[in-house]
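Read-outs throughout are calculated quantities, based only on the coordinates presented, and are distinct from any laboratory measurement. Quick caveat: nothing in here was measured; it's all calculated off a predicted structure. No Cβ is skipped: glycine too gets one built from the backbone with ideal geometry, and neighbour counts run over all protein chains shown.
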Amino acid sequence: MTEIDQKKLLENKFSQSPLPFYNPEVYETKLGLSYLREPGVAIISIPHVDLSGAQGFLDGFPRELEFFKYLEDPTPLPSSESLCKFAGQLCFLSHGPQRTLNDEAAKYFHNIKESGHGSVLEHANISILMWGISRSLTHELVRHRAGFGFSQVSQRYVGGRTLRFVERPEYVEDKFLHELFEDRIERTQREYEGITEYLLEKQKAGSEILSADRKTDLRKKVRQAARSLLPNETEAPLVITGNVRAWRHFLNMRGSEHAEVEIRRAAFETYRCLSQVAPLLFEDFAVAHLSDGTHGLKTLFPKV
Ligand SMILES: Cc1cc2nc3c(=O)[nH]c(=O)nc-3n(C[C@H](O)[C@H](O)[C@H](O)COP(=O)(O)OP(=O)(O)OC[C@H]3O[C@@H](n4cnc5c(N)ncnc54)[C@H](O)[C@@H]3O)c2cc1C
């Protein structure tokens, strides 16, 4: 892997919104069925940090320690860094004038990563909306357990006009594979709608296995049967909340050259967003060009 100009990549295609996002194009087949070719990534929540309540705690220590001046540090930090640094400095009661000040926060976090003191990074939670990703990607994504929470679109409740698909990068440039893809998803959608209508008719006619007491359960009974034919390339958006330690582990595993190309792309866009809201916590990741023309991620501190 060779390193490329990170700054240029970070500037590429990003909005000026306060919280970063990457908004991919939505395409349509000849019959108007929607599909995407790239992951969409939007940071929708970062920590809101207000340390003013800690003043009473700091005031309670002997005056000569000067802990009471801790919050007067003139250098502001992004919220995730501010929270993690405060939590980390609490461990050694490093609140006096000898502590690492905010203008040296980069050095502080380098030491945290180098010493593997990753629990400090678990305080900052960041929520991300991901879309334009396939069901096969999300099957891999939800294998990440520690520090993550997931809410994913339910195929038992949702279908019909909201059904969208994801085209693999290998198909995009290949006319034959691309046409097969468009034909296949149109066929899939037709079959899905056909089965749904057939099951609804059976339900109305009193089919026992499709019966339910509540209206939403009736719909669920139909959709949960009809979804069985949906392919891996069905879009499966989700909201993921993860702490910074968990996100770092995700980037390391899924930004690796060994990761599958679609999830690596999602990891890369995620990195581009995360590195804008918490730059010091992700600055050790280097972007790399891989031999297949895609981007990967690498860090010297993989297991913080
Ligand atoms: C290139 C690649 C290929 C893969 N191939 C396959 C495959 O063929 N088949 C397959 O099934 N999976 C495969 N996976 C998925 C992989 O095995 C993991 O399930 C996934 O990457 C999540 O990693 P994790 O468990 O480290 O992450 P998390 O679940 O987020 O856990 C983070 C860390 O917390 C600790 N931890 C979490 N849970 C426990 C626990 N219960 N006990 C002890 N420590 C824990 C571990 O240190 C772990 O690394 C692959 C992943 C990659 C990146």
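Here is the P(r) of the chain: all C-alpha pair distances, binned every 20 Å from 0, give 28, 46, 21, 4, 0 in whole percents. Extension gain, Ile209-Gln55: 0.36 nm per intervening residue step, less the Cα-Cα distance, totals 49.2 nm. Taking R0 as 41 Å, what's the FRET efficiency between Ser151 and Leu101 from their Cβ-Cβ distance, rounded to 0.05? With R0 = 41 Å, the Cβ-Cβ based efficiency is 0.55. Round to the nearest 10 and give me the degree value, 0 to 90, for the angle of helix 105-114's Cα axis relative to the longest principal axis of the chain. Computed tilt is about 70 degrees. Value of Rg to Rh for region 51-123, rounded to two decimals, is 0.95; Kirkwood radius and Rg both from alpha-carbon coordinates.
Ordering Glu140, Glu173, Glu257, Glu208 by the number of other Cβ atoms within 10 Å of each residue's own Cβ, fewest first, gives Glu208, Glu173, Glu257, Glu140. Per-peptide packing, taken as the mean over residues of other Cβ atoms within 10 Å, places 52-58, 144-150 in the sequence 144-150, 52-58 from highest down.
Segment Asp292..Glu28, full-extension length gain: 92.3 nm, with 0.36 nm per residue of separation and the alpha-carbon distance subtracted.
Can you sort Cys91, Cys273, Cys84 so the residue with the fewest Cβ neighbours within 10 Å comes first?
Values: Cys91 10, Cys273 21, Cys84 29.
Exposure proxy ranking, most exposed first: Cys91, Cys273, Cys84.
Farthest towards the positive end of the charge dipole of the chain, among the residues Leu163, Leu218, His123, is the Cα of Leu218, using unit charges on the Cβ of Lys, Arg, Asp and Glu.
When Ser207, Ser34 are sorted by how many other C-beta atoms sit within 10 angstrom of their C-beta, beginning with the fewest, the order is Ser207, Ser34. Within region 170-231, all pairs of alpha-carbon atoms sorted by distance into 5 Å bins from zero give the percentages 4, 18, 21, 17, 11, 9, 8, 6, 5, 2.
For helix 261-277, report the angle its Cα long axis makes with the longest principal axis of the Cα atoms of the chain; keep it between 0 and 90° and round to the nearest 10°. Computed tilt is about 40 degrees.
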